[in-house]
1. Considering region 48-69 alone, what residues qualify as being β-branched (Val, Ile, Thr) and in contact with a helix residue (DSSP H, G or I) (Cβ under 8 Å, 6 or more places away or on another chain)?
2. Just name the residue that is modelled with the lowest pLDDT out of those in region 116-147 that are among the β-branched types (Val, Ile, Thr) and closer than 26 Å to Ile199 by Cα.
3. Does Leu19 satisfy the condition of being part of a helix (DSSP H, G or I) and in contact with a helix residue (DSSP H, G or I) (Cβ under 9 Å, 6 or more places away or on another chain)?
4. Filter region 156-197 down to residues that are free of Cβ contacts under 8 Å to residues at least 40 places away in the same chain, over 21 Å from Arg228 (Cα atoms) and not aliphatic (A, V, I, L, M), then give me how many there are.
5. Of all the residues that make up region 199-225, how many are free of Cβ contacts under 8 Å to residues at least 40 places away in the same chain and either among the β-branched types (Val, Ile, Thr) or surrounded by 17 or more Cβ atoms within 10 Å (Cβ to Cβ) (or both)?
6. Condition test on Phe220, is it in contact with a helix residue (DSSP H, G or I) (Cβ under 9 Å, 6 or more places away or on another chain), farther than 30 Å from Ala58 by Cβ, assigned to a loop (DSSP other than H, G, I, E, B) and not aliphatic (A, V, I, L, M)?
7. Is it true that some residue in region 179-192 is at pLDDT 95 or above, small (Gly, Ala, Ser) and surrounded by fewer than 20 Cβ atoms within 10 Å (Cβ to Cβ)?
8. Can you tell me which residue is farthest from Glu91 (Cα to Cα) among those in region 104-134 that are touching a Cys at 6+ places or on another chain (Cβ under 9 Å) and among the polar types (S, T, N, Q)?
Amino acid sequence: MIDFPTELVEALRAAKRVLFFTGAGVSAESGLPTFRDAQTGLWASYKPQDLATPEAFARDPETVWRWYQWRRRVHADVAPNPAHHAIAGFEARLPETVLVTQNVDRLHELAGSAAPIHLHGSVFRNKCAQCGTEMPEVPHDLETPPRCDTCGGLCRPDIVWFGEALPQEPWHAAMAAAQRAEIVFSIGTSATVHPAARIPLVARDAGALLVQINPEPTPFDKIALNLRGPAGVVLPELVEAVWPS
């Protein structure tokens, strides 16, 4: 069992507004490849700019589309891990909890989180590359992108590609939650992807206790309360320490 700092356990028992900020490491514990790990096998010869930029899609939409269809099939085969379930457990006990994720999967939702804020979009959502109209989910074996009924543009994944700005609505919601949080958890993230990595810092600057759960060091090490280890181990034990069954 992990011996958690008393200040953290007591702070969680007293808290109302907790913010969880999750990154690729959380989903990797479910066996989901990270973005760069996904460039294996047939995709090993491609660079990120070949598969995840607006320019790449404009140049070769079918190749980009097929890669994301492959990623969707991979995503559909994994299940939430104990970290996802533990975060949903925090939400059930603390109704003002907010979950902000950099991940484009839906493992948080499958674990029971009601409304995670997806900063980088979702691999399962689609939009028109030309007019931005939301488009429906399609079968994962469809090899060519369908056309938009509104303008005839090509369908693309509704995720943030390199060189694109974060969508404003989730960004503003995340920043507002950060400014209200009493405790902020940074979990499974390198803390180097900007502007997303600003969110835990905004919370800390507004007075929140910053807690980091990560197996490896990050730039947050010097300013956070660090719980070194896999989120799927640390978080369930933390729930039990705060609310013993």
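The values are calculated or read from the model by the stated rules, or taken from the named source; none is laboratory data. Worth saying up front: this structure is predicted, and the values here are computed from it rather than measured. When we count neighbours, we look across all protein chains shown, and the Cβ atoms used for this are built from the backbone with ideal geometry, even at glycine.
1. The answer is Thr63, Val64.
2. Filtering region 116-147 down to residues among the β-branched types (Val, Ile, Thr) leaves 117, 123, 133, 138, 144.
After this cut, where a residue has to be closer than 26 Å to Ile199 by Cα as well, the list is 117, 123.
Working: Ile117: 98, Val123: 95.
Ranking the qualifying residues of region 116-147, first place goes to Val123.
3. In short, no.
4. 7
5. Residues that pass the stated criteria total 10.
6. yes
7. no
8. Selected residue: Gln130.
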